[in-house]
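So the structure is just underneath, and the comments pick up after that.
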Amino acid sequence: MKRLMQVICAVFLLCGCDGANEHQQQQDLLEQLQTQLENRSFSVSDSLPFQYDVEISQEGESYSYVLVIDHFEHAMYDVKVVGMPLQEPSQLCSVGFEEEAGIQIIPNQEDVEKGYYSSITLNGTFTSSDDVVGVVIQWKDVSGVNTYQRYWEIDCAGARSS
């Protein structure tokens, strides 16, 4: 019985380490994407397998944006989105790094309780009215093996709506 309890304790400890390791990997990926955005290391993608809409508003001396990504062409799993102003790097905004099960996109279906979404919203701020926001989206296919990534830029001066 004592031996069984030792094995069970060891298994629980190993499972706890996997969770901490996964969290560290997520944070490392987030920092890597932030560094790439700050260094402008990305090339703008030729096509995006979804549509997006951005609304920009002024709040005193600063501006805020709401980016909605939707109308996905295919299913995406473990989706992560990062956005950051490029001219005056400041606040990094992200979605999909803290969720336990990740964000799963199933086109034309949404069941939040099961973790399936039909759209993603990213909120952020910037200080200059002519700033550009760089956005990276990364996802895996259904196998969970292949990772895909797209990058695009939003010209805030041209996108201002209110």
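With a probe of 1.4 Å, find how much accessible area the range 69-155 has per residue, and write the answer as a whole number in Å².
Values: 4300 Å² over 87 residues.
Here the residues of the range 69-155 average 49 Å² of exposed surface.
Of interest is the spacing of the C-alpha centroids, which for the range 91-153 and the range 44-75 amounts to 10 Å.
Against the criterion of solvent-accessible heavy-atom surface with a 1.4 angstrom probe, Lys114, Lys140, Lys80 sort, most first, into Lys114, Lys140, Lys80. Share of carbon and sulfur in the accessible area of the range 45-162 stands at 42%, probe radius 1.4 Å.
At the listed q of 0.09, 0.10, 0.20 Å⁻¹, the Debye profile of the range 16-162, built from one uniform point per Cα, gives log10 I(q)/I(0) equal to -0.28, -0.35, -1.30. Ranked by the mean number of other Cβ atoms within 10 Å per residue, highest first, peptides 147-155, 126-134 order as 126-134, 147-155.
When you count the other C-beta atoms within 10 angstrom of each residue and take the mean per peptide, 56-63, 34-41 line up highest first as 34-41, 56-63.
The values are calculated or read from the model by the stated rules, or taken from the named source; none is laboratory data. In this text, all values refer to a predicted model and were calculated from it rather than measured experimentally. Counting neighbours? That spans all protein chains shown, and the Cβs are built from the backbone with ideal geometry, glycine included. Calculation scope for accessible area: heavy atoms of the full protein, side chains included, ligands and nucleic acids excluded. Shrake-Rupley method; radii C 1.70, N 1.55, O 1.52, S 1.80 Å.
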